[in-house]
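Notes follow the structure.
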Amino acid sequence: MRLASYVFLGAPYIEALRGNKSVNTALSGITTAVVGVVLHLAVWFALHALFGELHETRTLGERLLVPVWSMLQPFSLLIAVSTMIALIHFKAKMIPALLISVLVGMVYYVMVPV
């Protein structure tokens, strides 16, 4: 049986659970946790893509990555800002914008000596 069949079989039960307050609260909590994980990953990848060096500090038992501003990668910042402008202002589609950004970064990496 295909996955779509299971989705269609379970859909009426999910609709019935929507009215259940405790289940709805639990699903809201799960959604919040997933958003937090995605945000954490976005910040982690941004720091590692934009800065050549990060220092680790510990504050109140938490590990924080602090960027070394002198190690900012200007071309990576240019790619990120131009992609953001393409997505927000020009309403570019996500996958083509991502692929173009990756291609530009790979060409830059191959062409410019380190």
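No value in this document is a laboratory result; all are computed from the given coordinates. Given the structure is predicted, the values throughout are model-derived calculations rather than measurements. Glycine gets a Cβ as well: all are built from the backbone with ideal geometry, and neighbour counts include every protein chain shown.
If you check ALA97 against the conditions, is it under 18 Å from the mean Cα position of the chain (by Cα) and over 22 Å from VAL114 (Cα atoms)?
Considered against the rule, which asks whether it is under 18 Å from the mean Cα position of the chain (by Cα) and over 22 Å from VAL114 (Cα atoms), ALA97 comes out as yes.
Only one of VAL66, VAL114, VAL81, VAL102 is in contact with an Asp or Glu (Cβ under 9 Å, 6 or more places away or on another chain) and aliphatic (A, V, I, L, M); which?
VAL66 is the lone residue from the list that is in contact with an Asp or Glu (Cβ under 9 Å, 6 or more places away or on another chain) and aliphatic (A, V, I, L, M).
TRP69: over 19 Å from the mean Cα position of the chain (by Cα), among the aromatic types (Phe, Trp, Tyr) and farther than 20 Å from MET106 by Cβ, yes or no?
Here the answer is yes, as TRP69 does meet what is asked.
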